[in-house]
Amino acid sequence: MADSTLVLLAALSLLVGLSAYAVLAGADFGGGVWDLFASGPRRADQRAAIERAIGPVWEVNHVWIIFVIVVLFTAFPRAFAALCIGLFMPLTFVLLGIVLRGSAFAFRAHSEGSPALQRRLGLVFSVSSLITPFALGLCAGAVAAGAIRPAGEGWQTVPVSELLRPFPLLTGLLAVLICSYLAATFLTAEATGALRADFRRRALATGAALAVCAALGLVLAVDEAPEHSTALLEGRGLPFALAALVLGIAGIALMARRAWRWVRPVGVAFVLAILWGWAAAQWPYAITPVLTFEAAAASPAMLRVYLVCLAAGGVILLPALWLLFRLFKGGHPEAGRRAEERV
Amino acid sequence: MSELMAARAQMGSSLAFHIIFAVIGIGMPLVLLIAEGLWLRTGRDVYHQLARTWSRAFAVTFAIGAVSGTMLSFEIGLLWPRFMEFAGGIIGMPFSLEGFAFFIEGIFLAIYLYGWDRLSRRAHFLCGFPLLLGGFASTFFIIAANSWMNTPQGFVLNAAGEVVDVDPIAAMFNPALFTQYTHMLFAALVTTGFTVAAVYAWGMLKGRRDEYHRKGLAIGLAVAGILMPIQLVTGDLIAVQVTKNQPLKLATMEGLFQTTEGAPLTLFGIPDEETRTVRGGIEIPYLLSLLAYNDPTATVQGMEEWPEEDWPNPVLVHLAYDTMITLGSALLLPGIVGLYAWRRRPHWLQHRLFLWGLVASAPAAFICVETGWITTESGRQPWVVYEVLRTEDSFTTATGILPWFVVFSGVYILLAVLGSMILIRMARRRRERLAAVGPAEAAGG
Ligand code: HDD
Ligand code: HEM
Ligand code: HEM
């Protein structure tokens, strides 16, 4: 296999991991956001529905970020080092958020009978569910904007003033909205009755906010992330951008017409179109515009072994994942409930 | 505290924290399988209750293990980016395989925990096996990475200091892998066994001497007692391996400054770098030569053979190592006494002294694990990749580590306190429920 094909395949595997993380863990984070903003007469029911939806799967969904990290440093060690040094600060916030989210959620689920403790843990869970996607989105925005720069042999740490520019802040917000939109959509599909109506309203509102922010992001990108916006509007990213536009409108329309069967797949496709558009615009740079994937890659021998491992691992992983989701997300709305009560 | 010191302290404390939950994560599936298997065979509800209770507690410890492990994945890059840049392309393979092992563990844990009533008894039992093997596999892969740091191979450094000719397979199957893996694996199983035994010994000391406690204690003690002798054999193998591959580390572990023919084993005492002697300490003649080379008169190289700037911290490494072998040898006792008592003096098993000994065995086993790791990791200093890359050269250029060290230390303390609180409450609620409804129904709740 040609070396450039190896690099492309490895980069694609990274995108697969990121997509799975965005859709699966993204929805879990969004669940945390809706836990924070639970309101109205069915507040407790909303929280219970969220907990049921996340309970059995969050740990597995969360492994996708570990997958992304190991792929990064196995296949693209130079890019990994650049990200870790350049984005030290926001990545540390990501880390803090992940740790607090996971442990608070697990602790809350297993401390029934202590309502005060559960309330506090719930707050930690939901606030950290907000912080994590925001910080991750900020990182993506900073990379797209070319904020990470080489310094001598190594890399410069991006100063806070540059992280807090409008474009990275907006990409952070976009990430939060994506998660919230996904979660609301999934919960709409999983819930019934009045609860479903609650989540439908939330899905519609975040869908609209997402559309506005995405448009605003494109405008800001022209100035702050020029390479990125060119690639997105004129180059490789354009088909994805158009697909996102169509799918976004379709998703809102389907939701408005209560086409429950379709909202979930269309919502997922919409989010993937955004993510892949971003990835296409990023290519061939791992670190825009100074380090390409090709230059960041490990040796061909390593990439070859890595891809073989990936294939072998996939053969084991996919049936196991299928089993898990069939057991706990088996389509019907009460799927998680009985198991949850019995643990 | 310098930034480098803060980073080393943060890395060390994160690993020291994670290993506690990793150990339970490796060992708990075995204990669960034994209890559930006994339930399937005998149909006795007490085993069902034990498996249920442990699986509920395991949900909490596994979650802490998962988040603390995630912290490590980030920290290894955030604190040592130049190490990962160097090592990622050589030893990345076991890390990516480890990712798959984590998936398998996570998936089957979820099925195991939430599947009690969705699967047939037999299917549920069978789902415990991938969980067990996932833990064994993830240990194997992470140890492969660590043993490579001790005995690096599978690449060539050219004249310009660049890595060429990478052979990921050779890197993974490095000389320290087998001994380190077996020693770690049995350490985890033994430690989990002692932990389970200790929990029920404590309950019995508090007067709860029912069948549930007796069986729980027996399963834990059986696991620990049977595997403990094997653990000492793997300990001997790993010591021989270190002698061969990292002779300076061995000399530091033993506090041996001078190259000596027929070297004695020095237990404890404080190595003094100034005078190059060990103050205090108990000397056992010829034992070191015997252990390291199977020959009481063999010559063992002392630290003086290497330049001082390459020395690890002799006080830390020597004391950590001696703590492990002393406590480790003592941990043979519960198994021996338990076996003897079970055959000849059953009432000993209920004796307060024996129960107190078991209660103490759990922290002792964890101390072995921690001090063993300090031996390995601090004994490798000043290298992060032995004789290839220095720790100070792999450190990040980002600044502001110290405040984060403080924040994350706080997070660990919080996790430890909350986690234990929740486990204790869980046990108390189980007893309350039991008192209210009787054992049969309580098992299901
Ligand atoms: C229950 C736990 C336990 C027990 C009873 C022992 N050990 Fe251990 N030891 C470990 C748990 C451990 C460990 C924490 O798991 C380490 C750290 C790295 C590793 O692979 O295992 C370790 C490391 C370790 C090392 C350092 C390896 C290196 O630097 O690469 C040596 C030489 C020994 N052990 C030797 C022994 C001997 C001779 C023992 C017999 C008394 C012993 N250990 C008992
Ligand atoms: C879980 C058990 C482990 C414990 C308790 C442990 C302990 C430690 C300690 C105490 C240090 C600081 C050493 C010093 O600076 O004096 C350290 C450093 C480090 N460890 Fe480990 N370690 C463990 C496993 C691992 C594994 C499996 C890996 C790799 C895959 C690893 C990678 C590192 C790295 C990269 C450093 C920082 C560089 C250095 O100080 O050499 N550790 N560890
Ligand atoms: C000898 C040292 C280590 C052993 C034996 C070990 C073993 C384990 C085990 C058994 C688990 C499963 C979780 C649980 O049971 O609680 C786990 C989780 C994890 N470990 Fe470690 N680990 C070690 C060191 C490390 C290091 C150095 C890293 C990172 C560089 C790491 C990263 C992780 C991650 C990311 C998880 C979470 C996986 C999940 O979400 O399921 N571990 N580890």
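Key figures for this structure:
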| read-out | value |
| --- | --- |
| Accessible surface, 1.4 Å probe, highest first, among residues A:326, A:52 | A:326, A:52 |
| Virtual spin-label span in nm between residue B:352 and residue B:16, 7 Å along Cα→Cβ | 3.4 nm |
| Between 0 and 90°, nearest 10: helix A:43-54 axis offset from chain A longest Cα axis | 50 degrees |
| The protein assembly as shown, accessible surface, carbon-and-sulfur percent (1.4 angstrom probe) | 67 percent |
| Percent breakdown of C-alpha pair distances by 5 Å bin, ordered from the shortest bin, for the range B:148-258 | 2, 11, 13, 12, 12, 11, 11, 8, 7, 6, 3, 2, 1, 0, 0 |
| C-alpha center-to-center spacing [the range B:1-20, the range B:157-219] in angstrom | 21 Å |
| Spin-label pair residue A:2/residue A:48, simplified geometry with 7 Å Cα→Cβ offset, distance in nm | 6.0 nm |
| Contour minus Cα-Cα distance for residue B:315 and residue B:258 (0.36 nm per residue) | 18.9 nm |
| Inter-site label distance for residue A:162 and residue B:432 at 7 Å from Cα along Cβ, in nm | 5.6 nm |
| Placed amide H near residue B:277: partners under 5 Å, 5+ positions off or other chain | B:272 |
| Student exercise, the range A:4-342 dipole from Lys, Arg, Asp, Glu Cβ charges, in Debye to nearest 20 | 1100 debye |
| For A:102-111, mean number of other protein chain Cβ atoms within 10 Å | 6 |
| FRET efficiency, residue B:308 to residue B:423 (Cβ-Cβ, R0 45 Å, nearest 0.05) | 0.45 |
| Ellipticity estimate at 222 nm from DSSP helix runs (n ≥ 4, -39,500 (n - 2.57)) divided over the protein assembly as shown, nearest 500 | -26000 deg cm²/dmol |
| Most mobile of A:299, A:19, A:126 in a GNM of chain A (Cα contacts under 10 Å) | A:299 |
| Å² per residue, accessible surface of the range B:1-107 at 1.4 Å | 25 Å² |
| Fluctuation leader among A:263, A:160, A:127 - chain A, Gaussian network, Cα springs under 10 angstrom | A:160 |
| For the protein assembly as shown, alpha-carbon Rg over 2.2 N^0.38 Å | 0.99 |
| Exposure of residue A:3 as accessible area (Å², to 10), given a probe of 1.4 Å and all protein chains | 80 Å² |
| Interface size A-B, as summed buried accessible area [1.4 Å probe, Å², nearest 100] | 6100 Å² |
| Compactness index (Cα Rg / 2.2 N^0.38 Å), the range B:80-164 | 1.54 |
| FRET efficiency, residue A:256 to residue B:40 (Cβ-Cβ, R0 60 Å, nearest 0.05) | 0.70 |
| Tail weight of P(r) past 39 Å, computed on alpha-carbon pairs of chain A, percent | 14 percent |
| Cα long-axis angle, helix A:115-144 against chain A (0 to 90 degrees, to the nearest 10) | 30 degrees |
| Choice from B:395, B:408, B:62 showing the highest fluctuation, given a GNM over chain B with Cα pairs closer than 10 Å | B:408 |
| Where B:249, B:215, B:206 fall by accessible area, highest first, once all protein chains stay in place (1.4 Å) | B:206, B:215, B:249 |
| Cα gyration tensor shape of the range B:318-367, rounded if a/c is under 1.5, else prolate or oblate by comparing a/b with b/c | prolate |
| Accessible area in square angstrom per residue, the range B:298-419, 1.4 angstrom probe | 47 Å² |
| Span-like helix ranges in chain B, DSSP H, alpha carbon extent 20 angstrom or more, Kyte mean at least -1.0 | B:3-42, B:45-79, B:81-114, B:121-150, B:177-205, B:211-245, B:314-330, B:352-378, B:401-437 |
| Tilt relative to chain A, helix A:58-75 - C-alpha long axis, 0 to 90 degrees, to 10 | 0 degrees |
| Accessible surface, the range A:4-342, averaged per residue in Å² (probe 1.4 Å) | 39 Å² |
| Full-stretch length increase - residue B:344, residue B:160 - with 0.36 nm per residue and alpha-carbon distance subtracted | 59.3 nm |
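The values are calculated or read from the model by the stated rules, or taken from the named source; none is laboratory data. What you see is a predicted model, and the numbers here were worked out from it, not measured in a lab. A quick note on method: Cβ atoms are made from the backbone with ideal geometry, for glycine too, and the neighbour counts reach across all protein chains shown. What goes into the accessible areas is simple: the full protein's heavy atoms, side chains included, and nothing from ligands, DNA or RNA. Shrake-Rupley method; radii C 1.70, N 1.55, O 1.52, S 1.80 Å.
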